[in-house]
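Working notes, structure below.
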Amino acid sequence: MTERAGALDGCNGNGDYAIEVEGLTRDFGSFRAVDHISFRVRRGQIFGFLGPNGSGKTTTIRMLLGLLRPTDGEARVLGCDMARRAQQVRPRLGYMSQRFSLYDDLTVVENLRFYGRTYGLKGERLRERVRFAVEMANLKGRERERTKNLAGGWRQRLALGAAILHEPDLIFLDEPTAGVDPVSRRAFWDLLYEIAAQGVTIFVTTHYMDEAEHCEELAFIHDGHLIAHGSPQQIKDTMMRGQVLEITPSDPARAMTVLTGARDAGTLPVEEVALYGAQIHLVGPEIERQFDTIRRLLGAEGIDPGPMDIIAPSLEDVFISCIRQEE
């Protein structure tokens, strides 16, 4: 990506960080969507911003892009206060929205030319960047195909290509793989690694916990509050309350009913019972003390508990645990 010397006029900040957020808050009337969150994103990093729908992810991105003014706090992006200097820094940013943002009735190359001109590209430079985006999206030979005819994974790769036509220093991706099949999601993340290797900072929101493992650093947001922040391993090591027991019962659906009912009745002292495919995860302090109780509860219903192993928590386990603590 093109290097730009020095800070923009009127902008300053820590040169090591592409994003610096301090006490950022946004109210919509009496509803507080984002509540005094603070974090920093290093330059050249893939930073994951995780949370369920409605947690405040998109509102945060809109403030970081300067599209929403914060009610309180400050957001500095590439050294600039986005409440006052958004117009200066915006040409250095790329954005891919949660919904597919290209025009269905235009062809692949028509979409790219349109967005390229919007970013101020023209002539040979525009043609060069369009060629790059087509090759990056693996759409060579399909340049004249209407975008609406592309499968979901190809459409998202094309949208990413459009977002980086102008070689931004920082890219915001809002739920970029929502509704995309797992194979296409993996291919999309391979592209993100290639882009980050060129020194570009990537800020990505997602609710897929497996994708979060690909990020160098994460922040968990829930109901507008930041509830965890650090590398995936740091979060697993420091934020998990209790142990995780994984069992593989002979009838997972019935076992869930039995174990959830026992937890709710207070006869099984665990904090969480969650189904993961054919496995069930139970979370609680000193979980090994519950082995006999679990065997007895399931055995009384004719269910074999199968293997029972204490395992390292997944990010999803940790996220659920953090939400429980927050509540």
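Annotations for the structure displayed:
- Screening the candidates His214, His229, His222 for the property of being in contact with a Cys (Cβ under 8 Å, 6 or more places away or on another chain) and under 24 Å from Asn53 (Cα atoms) yields one hit, His222.
- If the condition is being of a type in the set (D, E, K, R) and within 20 Å of Val200 (Cα to Cα), then the range 49-80 contributes Arg62, Arg76.
- Criterion violated by Pro249 - all others in (1) outside any loop (DSSP other than H, G, I, E, B); (2) of a type outside the set (D, E, K, R); (3) touching a strand residue (DSSP E or B) at 6+ places or on another chain (Cβ under 9 Å); (4) under 17 Å from Asp309 (Cα atoms) satisfied: (1)
- Strands (runs of 3 or more DSSP E) contained in the range 152-226 and holding at least 1 residues farther than 22 Å from Met82 by Cα: 201-206, 217-222
- Flag if Glu128 is among the acidic types (Asp, Glu) and more than 26 Å from the chain's Cα centre (by Cα): yes
- Selection from the range 71-82 of residues that are hydrophobic (A, V, I, L, M, F, W, C), within 19 Å of Gly199 (Cβ to Cβ) and in a loop (DSSP other than H, G, I, E, B): Leu78
- All of (1) without any contact (Cβ under 8 Å) to a residue 12 or more places away in the chain; (2) under 21 Å from the mean Cα position of the chain (by Cα) hold for Ser30 with one exception: (2).
- Odd one out for Glu286 among (1) charged (D, E, K, R); (2) free of Cβ contacts under 8 Å to residues at least 24 places away in the same chain; (3) under 26 Å from Met209 (Cα atoms): (2)
- The range 101-146: number of residues that are of a type in the set (D, E, K, R) and touching a residue at least 12 places away in the same chain (Cβ under 8 Å): 9
- Restricted to the range 83-112, and to residues there that are under 18 Å from Leu173 (Cβ atoms) and in a loop (DSSP other than H, G, I, E, B), the residue that is modelled with the lowest pLDDT is Phe100.
- Of residues in the range 11-48 being at pLDDT 95 or above and of a type in the set (Asp, Glu), the one farthest from Val204 (Cα to Cα): Asp27
- Check on Pro249, surrounded by 15 or more Cβ atoms within 10 Å (Cβ to Cβ), of a type outside the set (Phe, Trp, Tyr), modelled with pLDDT of 95 or more and touching a helix residue (DSSP H, G or I) at 6+ places or on another chain (Cβ under 7 Å): yes
- Residue within the range 48-58 that is among the hydroxyl-bearing types (Ser, Thr, Tyr) and either surrounded by fewer than 23 Cβ atoms within 10 Å (Cβ to Cβ) or part of a strand (DSSP E or B) (or both) present: yes
- Evaluation of Ile287 against (1) within 24 Å of Gly230 (Cα to Cα); (2) in contact with a Gly (Cβ under 8 Å, 6 or more places away or on another chain) (one fails), failing number: (1)
The values are calculated or read from the model by the stated rules, or taken from the named source; none is laboratory data. For clarity, every value in this text was computed on a predicted model and none was experimentally measured. Neighbour counts are summed over all protein chains in view; Cβ atoms, including those assigned to glycine, are modelled from backbone coordinates with ideal geometry.
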